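These notes are about the structure you will find just below.
The values are calculated or read from the model by the stated rules, or taken from the named source; none is laboratory data. Because the structure is a prediction, the values reported are computed rather than measured. As a convention, Cβ positions derive from the backbone with ideal geometry for all residues, glycine included, and neighbour counts pool all protein chains shown. Surface areas here come from the heavy atoms of the whole protein model, side chains and all, with no ligands, DNA or RNA. Shrake-Rupley method; radii C 1.70, N 1.55, O 1.52, S 1.80 Å.
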Amino acid sequence: MAPGVLVDEAATQAGATPVFKHKNAYHNQDAPRDIFPDGIRTSGQHPPLYDVLKPYSEFPTEISGPTVWKREDFVNNPERWVHPFTDEEVQELSDTADAFIASGTPLTGISKENFPLPKLGKVLTELRDDLLNGKGFILFKRFPADVWGAHKNAVAYMGLGTYLGYFISQNGRGHVLGHVKDVGDDPTQIHTVRIYRTAARQFFHADDGDIVGLLCVHRAQEGGESDIVSVHHVWNTLQKEHPDVAELLTKPIWYFDRKGEISEGQEEWIRQPIVYIENGGKGRVYCKWDPYYVKSLTRFSDKGLIPALSEEQLRAMQILEETCQRLALHMVLEVGDIQFLSNAHLLHARTAYRDFAPPAPRRHLLRLWLATPESEGGWALPMPDSNEKKRGGVQVNNTPPKAPLDAE
């Protein structure tokens with residue numbers, strides 16, 4: 001079991017009522033600062049609380065409200081979802097980034113408290129509410145990514161992120177600043193390879209954090225474009241067109257691969273639904289999905305350790321992807337654009353891409369995963385770490401956080 005884990009995973013995997021306990025005397029929110037500079041450790045991946053999962057009969061037939069949107073609402077109305085940084089906002093961000101760099105504070109120690117943005121911070125606070133409870137996305141423009149250089153870009157970008165949530169580890173190496181870049185990994189080896197490290201297509205999915213941010217530093221020669229879709233619009237569509245698929249998505253029969261990014265004592269997979277209802281809160285429909293993590297488990301199903309995907313499940317996966325594609329809003333990220341998305345009620349995808357030939361730089365996006373705990377306005381997830389500041393993410397044992405300035 002991972003250090004500081006909140007639940008007996010063997011019990012929850014078996015479907016029993018979880019037994020809350022800590023392996024160490026400290027909690028994730030009181031982690032040793034010699035390892036975690038801000039004193040908070042990423043909680044990591046957990047099985048859901050099986051005894052609070054809701055049956056399909058308790059899911060809504062139709063969802064309404066601001067989280068339900070259609071492509072037509074935005075495709076010709078960029079003023080509703082695009083925010084170009086003003087000169088004043090860029091200057092405030094630049095001055096604060098310079099002061100942070102001069103302080104010598106490690107990038108993994110950045111926080112709202114040591115990255116003050118008196119004016120831009122108010123904009124970001126309003127945006128946070130819209131990300132969590134509204135349409136769930138925003139595109140910033142005019143971030144000077146081609147002017148500032150790698151270090152200042154990273155500082156300013158992570159500083160912005162602190163106003164939306166707590167940065168969390170994105171992989172087993174502890175990277176809290178991710179690099180979406182083709183590093184030559186083989187995308188066919190999906191049981192070990194993370195697709196963001198390739199140029200392959202990414203199907204519709206959600207990441208293991210409440211909010212994901214992507215800053216475009218370099219574009220591809222061709223492709224690498226973004227699609228997003230409202231989960232609640234997809235749910236309404238499935239309920240009308242394929243209610244059997246909607247029902248299947250609510251069942252905890254789906255096994256998700258951890259791809260070897262596990263702590264001592266953890267299982268290699270997690271059994272869970274794809275669609276949940278909040279455990280309290282506003283009772284909203286929540287989605288956690290990535291087809292690559294479901295398709296990559298044949299090394300276990302071939303040995304009879306877990307069930308293989310059924311024909312029914314394969315059909316559901318295909319219908320879900322096709323529905324997302326049909327309803328999605330398409331966008332192209334230019335250099336200096338920052339896309340922030342909710343992972344609770346949006347799914348996102350990326351087209352395959354081709355880079356420019358050397359010596360031109362490869363397509364490069366900086367990625368943030370941000371946690372928004374239930375106690376600070378985040379969704380009430382049926383997970384044992386719902387109130388953790390750095391809930392979700394990927395944490396392997398006590399691997400310290402890192403913020404590399406390029407892909408490793």
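List of remarks:
- Chain lengthening between K240 and K122 when straightened (0.36 nm per residue, less Cα-Cα): 38.5 nm
- R0 of 56 Å, Cβ-Cβ distance N397-N76: FRET efficiency to nearest 0.05: 0.70
- Annotation: K119 carries an accessible surface of approximately 120 Å², with a 1.4 Å probe and no ligand, DNA or RNA atoms counted.
- Applying both filters, DSSP loop and at most 16 other Cβ atoms within 10 Å, to the chymotrypsin sites (Phe, Trp or Tyr not before Pro) of segment 321-402 gives F356.
- Per residue, the chain exposes an accessible area of 40 Å² to a 1.4 Å probe, with every protein chain left in place.
- Shown here is the pair-distance distribution of segment 92-149: with all Cα-Cα distances grouped in 5 Å bins from zero up to the longest one, the shares run 4, 14, 21, 21, 23, 12, 5, 1 percent.
- Projected label points at R33 and N114, each 7 Å from Cα along the beta carbon direction, are separated by 0.9 nanometres.
- In plain terms, the chain from R354 to A99 could stretch by 88.0 nm, reckoned as 0.36 nm per residue minus the Cα-Cα distance.
- Of all accessible heavy-atom area on the chain, the percent that carbon and sulfur account for (1.4 Å): 51 percent
- Prolate/oblate/rounded label for segment 156-281 (Cα gyration tensor, a/c 1.5): rounded
- Annotation: for a label point projected 7 angstrom from Cα along Cα→Cβ of D51, residues of segment 279-323 with backbone N closer than 17 Å are 279-280.
- Checking every one of the GluC sites (Glu not before Pro) in segment 223-308 against DSSP loop status and a limit of 13 other Cβ atoms within 10 Å picks out E264.
- Spacing of the modelled spin labels on T61 and Q325, each 7 Å from Cα toward Cβ, amounts to 3.1 nm.
- Local electrostatic count, G161, Cβ distance below 12 Å [Lys/Arg +1, Asp/Glu -1]: +2
- Comparing Q202, Q239, Q318 in a Gaussian network model of the chain, where Cα atoms under 10 Å apart are tied by springs, the biggest mean-square fluctuation is seen for Q318.
- Accessible area per residue was computed with a 1.4 Å probe on protein heavy atoms; I262 scores about 40 Å².
- Whole-angstrom gap from segment 122-185 to segment 36-100, using each part's C-alpha centre: 11 Å
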